[in-house]
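Heads up, the thing below is written out as structure tokens.
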Amino acid sequence: MIKLEKVVGYFNYRGLSVNDYSDIIMKKCAAQFIFWFGSFQTLFSFGVLCKIFIFCLIVFVADAQLLQAQVWHGKVVRVIDGDSLIVKKGDTSHEVRLYGIDAPEHGQDYSKVSARYVRKKWLGEKVSVEPMDIDKYGRIIAFVRNNGKLVNKEMVRVGLAWVYPWFCREKPICTEMKKEQAKARKNRLGLWKNVDFMPPWQWRRNNKR
């Protein structure tokens, strides 16, 4: 299901307002309706409305697929936590969530350490952003690279983030990150110094407001 927050986030990513994008979709749809029906006299029949909905949905989804093909460059201007950054592209700032990893939440041990590491390494740096998705909060889910290094993988390598098991599906990168996580755990790096450390997804479930 396409959620409203995801759609709005996509509009913002493309530099369009909701009204701008709805105009584009409506023009595409209207042109196709005229081709199909010759007039709008049958517009409100149930069958026609179903076809209208399906066509508009296909147009939107097909356009959204372009998201993954658009690698862009920007500057890290703010670090929110160990897996979320604000990256400025031109005059626009975007919230970027690092794909496939989950860093300690605010209130957990190592959350400040994780965020501090990101600030030390990448705040003010130029990065490339490879979008993979937009989440329900409108954030760009992406692979982020700097000087040839994958930030997502680096956070796992130093033991300051987990591989997010349900959301890391891209191969071979996720396979590589899981291997790095196993090494970090074996060597007791970062948060792995505490073998009983609670993963952030479990911590969130236990601390719902």
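Structure summary
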item: Largest-first principal axis extents of the Cα set of region 67-123 (Å); result: 35, 21, 16
item: Viscosity 1.567 mPa s, 4 °C: Kirkwood-radius Stokes-Einstein D of region 102-147 over Cα pairs, µm²/s; result: 106 µm²/s
item: Largest-first principal axis extents, alpha carbons of region 144-209, Å; result: 39, 25, 19
item: FRET efficiency, Arg188 to Glu125 (Cβ-Cβ, R0 30 Å, nearest 0.05); result: 0.60
item: Region 102-165: relative contact order in percent, alpha carbon pairs under 8 Å with at least 6 residues between; result: 32 percent
item: Exposure proxy ranking, count of Cβ atoms within 10 Å, fewest first, for Leu123, Leu150; result: Leu123, Leu150
item: Where Rh is the Kirkwood radius over Cα pairs, Rg/Rh for region 72-206; result: 0.94
item: Separation of the Thr175 and Val158 label points, Cα + 7 Å toward Cβ, nm; result: 2.7 nm
item: Length gained when the stretch Lys88-Asp109 is fully extended (0.36 nm per residue, less Cα-Cα span); result: 4.7 nm
item: Pairs beyond 18 Å (Cα-Cα), from Lys149/Lys179; Lys75/Lys121; Lys121/Lys179; Lys112/Lys193; result: Lys121/Lys179
item: Residue exposure sequence - Ile134, Ile80 - by fewest surrounding Cβ within 10 Å; result: Ile80, Ile134
item: Residues Trp201, Trp162, Trp192, sorted so that the one with the fewest Cβ neighbours within 10 Å comes first; result: Trp201, Trp192, Trp162
item: Note, ³J(HN,Hα) from phi for region 192-203, Karplus 6.51, -1.76, 1.60, rounded to Hz, x at Gly and Pro; result: 6, 5, 9, 5, 9, 4, 7, x, x, 5, 6, 4
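None of the figures in this text is laboratory data; all of them are computed from the coordinates on show. Please read all numbers here as calculations on a predicted model, not as lab measurements. For neighbour counting, all protein chains shown are included, and Cβ atoms are generated from backbone atoms with ideal geometry for every residue, glycine included.
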